[in-house]
1. Once you keep just the Cα pairs under 8 angstrom separated by 6 or more residues, what percentage relative contact order results for region 283-398?
2. List the relative contact order of region 62-183 as a percent without decimals, with contacts defined as Cα pairs under 8 Å and 6+ residues apart.
3. Which Cα, out of V121, F139, V229, lies furthest along the positive dipole direction of region 119-264 (beta carbon charges, K/R +1, D/E -1)?
4. Identify which of R144, R263, R360 has the largest mean-square fluctuation in a Gaussian network model of the chain, with springs joining Cα atoms closer than 10 Å.
5. Ignoring ligands, DNA and RNA, please state the percent of accessible area on the chain from carbon and sulfur, probe 1.4 Å.
6. Relative contact order of the chain: what whole-number percent is it, with Cα pairs under 8 angstrom and at least 6 residues apart?
7. What number comes out for accessible area per residue over the chain if the probe is 1.4 Å? Units Å², please.
8. Springs between alpha-carbon pairs under 10 angstrom, Gaussian network model over the chain: which of T209, T354, T291 fluctuates most?
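The values are calculated or read from the model by the stated rules, or taken from the named source; none is laboratory data. Note that this is a predicted model, so its numbers are computed, not measured. So basically every Cβ, Gly included, is an ideal-geometry build from the backbone, and we count neighbours across all protein chains shown. Just the protein is used for accessible areas: all its heavy atoms, side chains included, with ligands, DNA and RNA removed. Shrake-Rupley method; radii C 1.70, N 1.55, O 1.52, S 1.80 Å.
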Amino acid sequence: MSHSLPQGFRFAGVHCGLKNDPNELDLSLILSDRPATAAGVYTQNLVAGAHVIVDRERTPGTGFQAVVVNSRCANDCTGEQGIRDAREMTALAAKIAGAAPDKALAMSTGVIGTMMPMGKVAAGIEEAGKQLENSEDAFIRAARGMMTTDTVEKVVSRSLDLQTGERISIAGLCKGAAMIAPNMRTMLALMMTDAALEPWDAQTLLAETVEESFNCISVDGHTSPSDTVLFLANGAVRAEPLLEADRKRFAETFAEACRELARKIPTDGEGASHLITIDVFGCVNREAAKTIAKKIANDPLVKTAIYGADPNWGRIVSAAGTAEVPFAPMRVGLSINGFELFRAGTPLPFDKKTVSDSIRENRDVHFKLTFGEGDAGIRFWTSDLTCEYVRLNSDYTT
């Protein structure tokens with residue numbers, strides 16, 4: 001697939017020795033050739049990683065020209081030394097860009113409680129600086145340098161023709177396969193555009209969009225200390241603020257790109273054999289719908305049933321009932337993959353083998369729940385729970 005990359009950004013991904021396999025990339029560098037506005041949304045876990053602490057101090061703001069990302073070492077729970085290492089990483093990246101030391105941001109992912117091997121990281125940043133390109137290959141390599149247990153790189157791009165005649169681009173890359181829970185934030189992601197935005201405009205747009213995308217996914221219900229979504233807008237194509245007529249279209253395109261990128265994470269959930277899309281309709285407000293969807297998404301009995309292609313719809317309805325959201329059970333309806341199994345609080349006859357086959361033979365599984373309490377709804381994504389997930393997470397550090 002050909003990607004429309006924003007102008008004025010360059011990318012690199014290298015192996016610097018954080019991973020044992022020399023063929024696996026473990027450090028990424030993204031540079032903006034001109035100062036960019038930066039915004040960020042971060043984990044709500046009280047145990048925040050060192051890079052989160054540093055990035056929070058700096059965003060939203062202007063003048064940023066670099067983001068450095070490493071895998072294998074999360075730099076979480078590493079005390080004052082971890083914060084010093086995060087600052088050094090950003091200073092080294094900023095130097096490559098010719099920017100002030102505090103005009104770069106960092107993201108780290110991997111094992112918690114491991115000190116950053118700064119000798120390897122410094123050498124990796126220097127090497128990445130030599131490989132920077134605005135090319136699809138470099139973009140993909142940067143995405144691969146972020147990967148931990150991901151099985152595939154996760155990238156997205158969009159282009160948008162403005163009424164001024166300019167064509168701007170939006171692109172993003174992210175990583176995430178486990179320790180994924182939507183309470184922002186749920187993984188590492190970087191979104192970029194060659195349009196110009198003011199800091200608080202960028203921050204508002206990012207925060208609102210995250211609620212509809214990265215905050216609507218879950219793999220295992222665990223919010224990582226490292227979770228970060230960054231957004232850089234460098235104005236390389238459109239240096240002036242967007243016209244009012246283009247602002248809404250830009251926001252819609254940006255949200256569409258974020259949703260696509262977010263969906264890639266549970267699709268690649270550790271050991272996942274199914275992506276589960278949960279549509280909840282008819283709630284009194286969006287928060288009620290999200291609470292119900294999240295409860296279903298994180299329920300291990302629901303997730304294991306889908307792994308086994310078992311149309312055990314009672315688990316889904318029961319999980320909704322534990323979400324502590326008031327609703328009338330006699331108004332509830334449920335369908336799986338278009339097969340209506342439950343209506344107005346009453347089970348419907350269905351062929352179990354047919355529904356089971358529809359789950360087994362399709363990687364994508366769809367739940368539709370209706371509650372008849374109001375007009376609000378939400379779409380949420382999760383993955384099934386497999387034996388491979390248990391294996392991967394039982395020996396992650398050994």
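1. Numbers: 155 pairs, mean separation 43.0, N = 116.
Taking the mean separation of contacting Cα pairs over the length of region 283-398, I get 37 percent.
2. Working: 178 pairs, mean separation 29.0, N = 122.
Worked out over region 62-183, it gives 24 percent.
3. Ranked along the dipole, the leading option is V121.
4. With Cα springs under 10 Å in the chain, the top fluctuation among R144, R263, R360 is at R360.
5. Values: 7960 of 15940 Å².
Answer for the chain: carbon and sulfur cover 50 percent of the accessible area.
6. Details: 1025 pairs, mean separation 68.1, N = 398.
Relative contact order of the chain: 17 percent.
7. Accessible surface, normalised per residue, equals 40 Å².
8. With Cα springs under 10 Å in the chain, the top fluctuation among T209, T354, T291 is at T354.
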